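Peer 1: Before we start, here is the structure in question, set down as structure tokens.
The values are calculated or read from the model by the stated rules, or taken from the named source; none is laboratory data. Everything quoted here is computed from the prediction, not taken from an experiment. Please note: Cβ atoms are built from the backbone with ideal geometry, for glycine as well, and neighbour counts cover all protein chains shown. Areas reflect the complete protein model, heavy atoms only, side chains present, ligands, DNA and RNA absent. Shrake-Rupley method; radii C 1.70, N 1.55, O 1.52, S 1.80 Å.
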Amino acid sequence: MSGASAGRMAAALEAGQGGRPGRQDSGAPATEAWRPDPDQAAATNVGRFMARHGLSRFEDLVARSIDDPAWFWAAVVDFLRIPFVEPWREVLNVEQGAPWAKWFVGGQLNLADVCVDRHAAAEPARTAVVWEGEDGEVRRWTYGELRAQADGLARMLAERGVGEGDAVGIFMPMVPETVATLMAVAKLGAVFLPLFSGYAPVAVSNRLSDAGAVALVTADGFRRRGAIVPMLDVARESVAAVPSVRTVVVVERIGTGGLDLAAGDGRKWAPWPGPGEAVSSRPLDSEHPLFIGYTSGTTGRPKGSVHVHGGFGVKVAEEVAFQFDCRRDDVLFWFTDVGWIMGPWEVFGGLALGATLLLYEGVPDYPGPDRLWAVLERHKVSICGVSPTLVRALMAHGDDPVTAHDLSALRILGSTGEPWNEDPWWWYFQVVGGGRCPVINISGGTEVGACFLSPHPVAPLKPLSLGGPSLGMAVDVFDDQGRSLRNAVGELVCTKPWPGMTRGLFRDPARYLDTYWSRWPGVWTHGDWASIDEDGEWFLHGRSDDTIKLAGKRLGPAEVESVLVSHPGVLEAAAVGIPDAVKGEALWTFVVLGPGWQPGEELRGELTALVADQLGRSFRPSSVRFATALPKTRNAKVLRRAVRSAATGADPGDLSALEDPAAVDAVREAR
């Protein structure tokens, strides 16, 4: 343990917030950093839920929610007052097997009604969304205004033929119109495709094409670190390669002289329509698709996770309510993008509970290192979520940018994206949260639709810990033989279905079954290494598959490799994630050149730029190395595990499957 983290631990213990110093054999810290006040715990959403059902211990609620999921999820709907237009006949049906479980069978609802319409009808003047641009502009929308904006877009899309089941791309920065777009698409029963605002044209067009999108909603641009990001240029190039897109709606965010929407390609281009007459949200079957969240996997084609109105809506509302204790008077902020699962998570989860969302457009340290903390102070944020990567970057500026601002409104800190290390965790807990706010460190994923693991504000908290199973989630850690494992690292699995799980992978059921359900019958294998210590606390230890996480963003190595081998000089390529002190993982690539090509800085620059141009600057490789060979199995598959271990100097383990073990030495030499 470093001196800084030891000092913060000591401060916590002196303040009466902790327990036993030291570590477990698994490497997880044993010290209890935070313990809830009993009266405050009883007043939380989960505390009141326990009281309603006669449960005095949180452990009993966890056990009952897992053992009797039908009871738990029905009770959640009742407690959170989630309106179903048509009651369900059955909470859970697994007649087709766990991978194809159905939830709230026969029930009807629409998440636009759950999140906006009902609040706009009851309290139209309550604040729904607050937005701050990087240039300092601030806008506020009430629930009534949010509904009017959503209705205006919904009417325009409907007039242009968008209806139930149609796919609509959302390539937007985090502005109020983004929230209205999510709701407008949901109102119509269409399916939205959230796209990361930093994607390059090829990445956008690939996802639009895969889903057969008929429309795209985008912006003319946004500001990032003082410069303008020209989203409209990317959108034009993207849709040019997707004939199915008939309509493009553009939000004038930058407003540099008016929009030029002349296309000349037969598509209908239009500016954002603004408020419109009321459009009723269509009652939909609970299993009706809401969105397709694309996430990179270990093959070249992105995976389209299909999420539905009933299961996703109930699960994220439960998580925001029970894990983050979000209530109507809270201001919820997560530093994210609509293209990552935490974007839809915060929007639908927060608005379902009638809370206020804060959106911020820019980077957290521009124009000064205190920008994020100034935003939190200015808008009195009470629930804040960030990634460990962001914390590691901001703590490099020291404590002063944080302590210069009044963050007393904060009561819950959130995090997700990748595993923590100690110094940043303690800094986030002590400096940002003043040692009084629990760090609700959650883990799930796009395919999960929510969280497998999470602390709750009614239970003590260890540093770095993920607490334990999220309510209703039958998670475990397995060894190689599929046996439960304790005090050692194994595979994170889930042994029962849950409402928020993906309804397969879009147009690829075989890949869905092979990716998640093939290792052990009826068991979801997630691809994370995890451990459970002797106190029942859970910790993550990185990916067990080849997926790379760059600052919390998932990237499939095959996507990078496909771009590299498109260069005429590259015969073979391998992309791996290497531990990085700031990003969590850095992207390293190894390439084998063809005859007549020589390694050099100019070629390295070309390959680096090629990946950035094709996949987006966020995925720019940290390193491009030239190797004479790559380790491959006898069936010609590059063994990325061997590449990664050779690059880091770690033990490569069993290499008996390699065609030529000497290829590992070639990677070491390239390193």
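Peer 1: Residue by residue through the range 583-596, note down the ones that are in contact (Cβ under 8 Å) with a residue 60 or more places away in the chain and closer than 16 Å to Glu572 by Cβ. I'd like the intermediate steps shown before the answer.
Peer 2: If we filter the range 583-596 for residues that are in contact (Cβ under 8 Å) with a residue 60 or more places away in the chain, which is where we start, we get 583-585, 590.
Selection gives Phe590 alone.
Peer 1: Only one residue in Arg223, Arg207 is open to solvent by 10 Å² or more (accessible area, probe 1.4 Å) and among the charged types (D, E, K, R), so which one is that?
Peer 2: Values: Arg207 fails: open to solvent by 10 Å² or more (accessible area, probe 1.4 Å).
Going through Arg223, Arg207 in turn, the sole match is Arg223.
Peer 1: Which of the residues belonging to the range 77-123 are farther than 19 Å from Met473 by Cα and among the basic types (Lys, Arg)?
Peer 2: Listed by number, the residues that qualify are Arg81, Arg89, Arg118.
Peer 1: Here's something else I'd like to know. Need pairs with beta-carbon distance below 6 Å; first residue within 14 Å of Thr446 (Cβ to Cβ) and within the range 501-529, second of a type in the set (A, V, I, L, M, F, W, C) and at pLDDT below 95; sequence gap 6+ or separate chains.
Peer 2: Close Cβ pairs (under 6 Å, with a partner that is of a type in the set (A, V, I, L, M, F, W, C) and at pLDDT below 95) amount to Asp528/Leu540.
Peer 1: Now a separate question. Please determine whether any residue of the range 275-283 is touching a residue at least 24 places away in the same chain (Cβ under 8 Å) and open to solvent by less than 10 Å² (accessible area, probe 1.4 Å).
Peer 2: In the first step, residues of the range 275-283 are kept if they are touching a residue at least 24 places away in the same chain (Cβ under 8 Å); the result is 275-283.
Add one more test, that the residue is open to solvent by less than 10 Å² (accessible area, probe 1.4 Å), and what stays is none.
No, the conditions are met nowhere in the range 275-283.
Peer 1: Another question, if that's okay. Before we move on, is Trp524 touching a strand residue (DSSP E or B) at 6+ places or on another chain (Cβ under 8 Å), assigned to a strand (DSSP E or B), open to solvent by 10 Å² or more (accessible area, probe 1.4 Å) and among the hydrophobic types (A, V, I, L, M, F, W, C)? So that I can check it myself, show each step before the final result.
Peer 2: Values: touching a strand residue (DSSP E or B) at 6+ places or on another chain (Cβ under 8 Å): yes; assigned to a strand (DSSP E or B): yes; open to solvent by 10 Å² or more (accessible area, probe 1.4 Å): no; among the hydrophobic types (A, V, I, L, M, F, W, C): yes.
Criteria not met by Trp524.
Peer 1: Could you list all residues from the range 615-635 that are farther than 30 Å from Pro661 by Cα and either among the aliphatic types (A, V, I, L, M) or surrounded by fewer than 20 Cβ atoms within 10 Å (Cβ to Cβ) (or both)?
Peer 2: Once the filter is applied, which keeps residues that are farther than 30 Å from Pro661 by Cα and either among the aliphatic types (A, V, I, L, M) or surrounded by fewer than 20 Cβ atoms within 10 Å (Cβ to Cβ) (or both), the range 615-635 yields Leu615, Arg617, Ser618.
Peer 1: Quick test of your reading of the structure: Val179 fulfils all but one of (1) at pLDDT 95 or above; (2) open to solvent by 10 Å² or more (accessible area, probe 1.4 Å); (3) part of a helix (DSSP H, G or I). Name the failing condition by number.
Peer 2: (2)
Peer 1: Can you tell me which residues in the range 147-163 are in contact with a helix residue (DSSP H, G or I) (Cβ under 7 Å, 6 or more places away or on another chain) and part of a helix (DSSP H, G or I)? Reasoning before the result, please.
Peer 2: In the first step, residues of the range 147-163 are kept if they are in contact with a helix residue (DSSP H, G or I) (Cβ under 7 Å, 6 or more places away or on another chain); the result is 147, 149-150, 153-154, 157-158, 162-163.
Matches in the range 147-163: Arg147, Gln149, Ala150, Leu153, Ala154, Leu157, Ala158.
Peer 1: Exactly one condition in (1) touching a strand residue (DSSP E or B) at 6+ places or on another chain (Cβ under 8 Å); (2) assigned to a loop (DSSP other than H, G, I, E, B) is false for His397; which is it?
Peer 2: Here His397 clears every test but (1).
Peer 1: Can you report the number of residues in the range 486-500 which are closer than 15 Å to Val523 by Cα, part of a loop (DSSP other than H, G, I, E, B) and either over 23 Å from the mean Cα position of the chain (by Cα) or without any contact (Cβ under 8 Å) to a residue 40 or more places away in the chain (or both)?
Peer 2: Summing the residues that are closer than 15 Å to Val523 by Cα, part of a loop (DSSP other than H, G, I, E, B) and either over 23 Å from the mean Cα position of the chain (by Cα) or without any contact (Cβ under 8 Å) to a residue 40 or more places away in the chain (or both) in the range 486-500 gives 1.
Peer 1: Counting residues that are modelled with pLDDT of 85 or more, which helices (runs of 4 or more DSSP H) fully inside the range 566-671 reach at least 1? Write out each step before concluding.
Peer 2: Numbers: elements: 601-615, 640-648, 662-670.
Because the criterion is at least 1 residues that are modelled with pLDDT of 85 or more, the helices (runs of 4 or more DSSP H) in the range 566-671 that meet it are 601-615, 640-648.
Peer 1: Give the residue that is nearest to the chain's Cα centre (by Cα), with candidates limited to residues of the range 221-244 that are within 12 Å of Gly133 (Cα to Cα) and of a type in the set (D, E, K, R).
Peer 2: Among those residues, the one meeting the criterion is Arg224.
Peer 1: Any residue at all in the range 338-352 that is among the charged types (D, E, K, R) and either over 21 Å from the mean Cα position of the chain (by Cα) or within 30 Å of Arg640 (Cβ to Cβ) (or both)?
Peer 2: We begin by selecting, within the range 338-352, every residue among the charged types (D, E, K, R); these are 346.
Filter once more, so that each one left must be either over 21 Å from the mean Cα position of the chain (by Cα) or within 30 Å of Arg640 (Cβ to Cβ) (or both): none.
No.
Peer 1: Mind checking whether some residue in the range 100-117 is more than 30 Å from Asp68 (Cβ to Cβ), modelled with pLDDT of 95 or more and not β-branched (Val, Ile, Thr)?
Peer 2: Step one: filter the range 100-117 for residues more than 30 Å from Asp68 (Cβ to Cβ), giving 112, 116-117.
Now drop any that are not modelled with pLDDT of 95 or more, which leaves 112, 116-117.
Now narrow it down to the ones that are not β-branched (Val, Ile, Thr): 112, 117.
Looking for residues that are more than 30 Å from Asp68 (Cβ to Cβ), modelled with pLDDT of 95 or more and not β-branched (Val, Ile, Thr), one finds at least one in the range 100-117, hence yes.
Peer 1: Hey, another quick one. Which condition does Arg140 not pass, out of (1) under 26 Å from Arg328 (Cα atoms); (2) in contact with a helix residue (DSSP H, G or I) (Cβ under 8 Å, 6 or more places away or on another chain); (3) outside any helix (DSSP H, G or I), if it passes all the others?
Peer 2: The one condition Arg140 does not meet is (2).
Peer 1: With the requirement that a residue be within 30 Å of Pro369 (Cβ to Cβ) and either surrounded by fewer than 14 Cβ atoms within 10 Å (Cβ to Cβ) or small (Gly, Ala, Ser) (or both), what does the range 235-274 give you?
Peer 2: Passing the criteria: Gly255, Thr256.
Peer 1: All but one of (1) within 25 Å of Leu359 (Cα to Cα); (2) surrounded by fewer than 20 Cβ atoms within 10 Å (Cβ to Cβ) hold for Leu232; which doesn't?
Peer 2: Here Leu232 clears every test but (2).
Peer 1: What pairs can you find where one residue is in the range 597-618 and touching a residue at least 60 places away in the same chain (Cβ under 8 Å), the other is part of a helix (DSSP H, G or I) and of a type in the set (D, E, K, R), and their Cβ atoms are less than 8 Å apart, with a gap of 6+ or different chains?
Peer 2: The qualifying pairs are Leu615/Glu559.
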